Amino acid sequence: MIKNANTSPLTFCVSTYNNLNYLKLAIESVRKNSFYKNAPFVVHAENCTDGTDTWLVDNKDLYNLDVYIDHNNNPVGIGGGMNLCASKVDTEYIMFLHSDFYVTKDWDKACYDEILKHSQPTWVFSHRVEPDMFASPQRYGTVIIPKDAFGAYHNNFDSCLFERWAEEFVRDNDFTIPKTEGVSGLIKKEHWDRIGGNDSRFAPTSWEDMDLFLRMRNDGYKFVLTSKSLVWHFGARGSHRLEENNGKTSERQRLSEEKNIKEWIKKWGIPPQFDEYGVIK
């Protein structure tokens, strides 16, 4: 039984696959920096071989975690894991995060304050900061910075320096944009349930988020990204696993992407199209 479940309007949810070093940082930062520090926290781990299972079992009481560990021949992936996490939520809202996030002060409260402003079904996302791992261009809702600014890896990340920078960023910026950022952020559980969550045809990874956002957009859901909620995103460490693959996409990810491009065409008939903010339309 999760302690203090009734003190928060939201439940934290994360699904992970072989990402222990970053998962530790994510969980620690949630319990350290969230406004709703004692909110329920559901964690799903699937087919992990890097010590994640043992660490979660050993630390679930320390971090007050509701842990679900699976070993599946037909993996449900991160998307299916998020569906499972959402099914365990009893609060009004779900706060999704990725296992390669480091969250900053009151990131959850900023999303909650924003979502209360909207009457229609709305999903609120945090602004991201990412190290330049892919030579990516700057984009709406994400700041790309040099790898050595705060440290781009779990073993050299300077969380204190980043938290000071984040405090200034949030203080000096106050804007929202109609933007999605992966399956993360705050949404009402009833709205997640109504749309049906992630489509299992896209397991174990890739394209499920775009499919979800397109279904939501077609059903009248609203997307908002707020600068008042800030997270550090190590950048695809939950799927591409950069250190272990010498900067290349993992074989699991590559094969899933190849399969799911075809699945997308079968489902929607045409390749995805995007608006000026990079949101599926």
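What follows is calculated from the coordinates using simple rules that are stated; it is not laboratory data. Note that the coordinates shown come from a computational prediction; the quantities given were computed from them, not determined experimentally. Reconstructed Cβ throughout: ideal geometry from the backbone, glycine too, with neighbour counts over all protein chains shown.
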Between TYR277 and GLU168, what is the spin-label point distance in nm, taking each point 7 Å from the Cα along the Cα→C-beta axis?
2.8
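Can you tally the net charge around TRP264? Count Lys and Arg as +1, Asp and Glu as -1, for every other residue whose Cβ sits under 13 Å from the Cβ of TRP264. Please report the intermediate quantities before stating the final value.
On the way: positive: ARG201, ARG215, LYS259, LYS262, LYS266, LYS267; negative: ASP199, GLU208, ASP209, ASP211, GLU257, GLU258, GLU263.
Local charge sum for TRP264: -1.
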Given axes a ≥ b ≥ c from the Cα gyration tensor, I'd like to know whether segment 95-201 is rounded (a/c under 1.5), prolate (a/b larger than b/c) or oblate.
prolate
Within the chain, the percent of DSSP beta bridges that are antiparallel, given to the nearest 5, stands at 35
How much FRET efficiency would the formula 1/(1 + (r/R0)^6) give for LYS109 and THR49, where r is the Cβ-Cβ distance and R0 is 51 Å, rounded to 0.05?
0.90
I need the phi-derived Karplus couplings for segment 12-21: 6.51 cos²θ - 1.76 cosθ + 1.60, θ = phi - 60°, integer Hz, Gly and Pro marked x.
6, 9, 9, 10, 9, 9, 6, 9, 4, 4
Fewest first, what order do THR226, THR176 take by the number of other Cβ atoms within 10 Å?
THR176, THR226
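What FRET efficiency would be calculated for the residue pair ARG139, ILE261, taking the C-beta separation as r and a Förster radius of 22 Å, to the nearest 0.05?
Details: r = 22 Å, r/R0 = 0.98.
The pair ARG139/ILE261 has a calculated efficiency of 0.55.
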Let a ≥ b ≥ c be the square roots of the eigenvalues of the Cα gyration tensor of segment 181-281; is it rounded (a/c under 1.5), or, if not, prolate (a/b larger than b/c) or oblate?
oblate
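Pairs of Cα atoms under 8 Å, at least six residues apart: use those to get the relative contact order of segment 5-268, whole percent.
Working: 518 pairs, mean separation 64.8, N = 264.
This gives 25 percent for segment 5-268.
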Using Cβ-Cβ distances only, list the Cys residues of the chain with no partner cysteine under 4.7 Å, sorted by number.
CYS48, CYS111, CYS160
Name the residues of segment 163-202 whose amide N is less than 13 Å from a point 7 angstrom out from the Cα of ARG217 along the C-beta direction?
178-182
Hull-based mean projected area of segment 1-98, where the convex hull spans the alpha carbons, in square nanometres
5.7
Subtracting the Cα-Cα distance of TYR153 and ILE69 from 0.36 nm times their residue separation yields 27.7 nm
Residue by residue through segment 204-214, the couplings from Karplus 6.51 cos²θ - 1.76 cosθ + 1.60 with θ = phi - 60°, in Hz, x for Gly and Pro, are x, 6, 5, 6, 5, 6, 5, 4, 4, 5, 5
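Quick check on the chain: take the gyration tensor over C-alpha atoms, sort the square-rooted eigenvalues as a ≥ b ≥ c, and tell me if it's rounded (a/c under 1.5), prolate or oblate.
Numbers: a/c = 1.10, a/b = 1.06, b/c = 1.05.
Cα axes put the chain in the rounded bin.
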Counting Lys and Arg as +1 and Asp and Glu as -1 over every other residue whose Cβ sits under 14 Å from the Cβ of ILE69, the net charge comes to -4
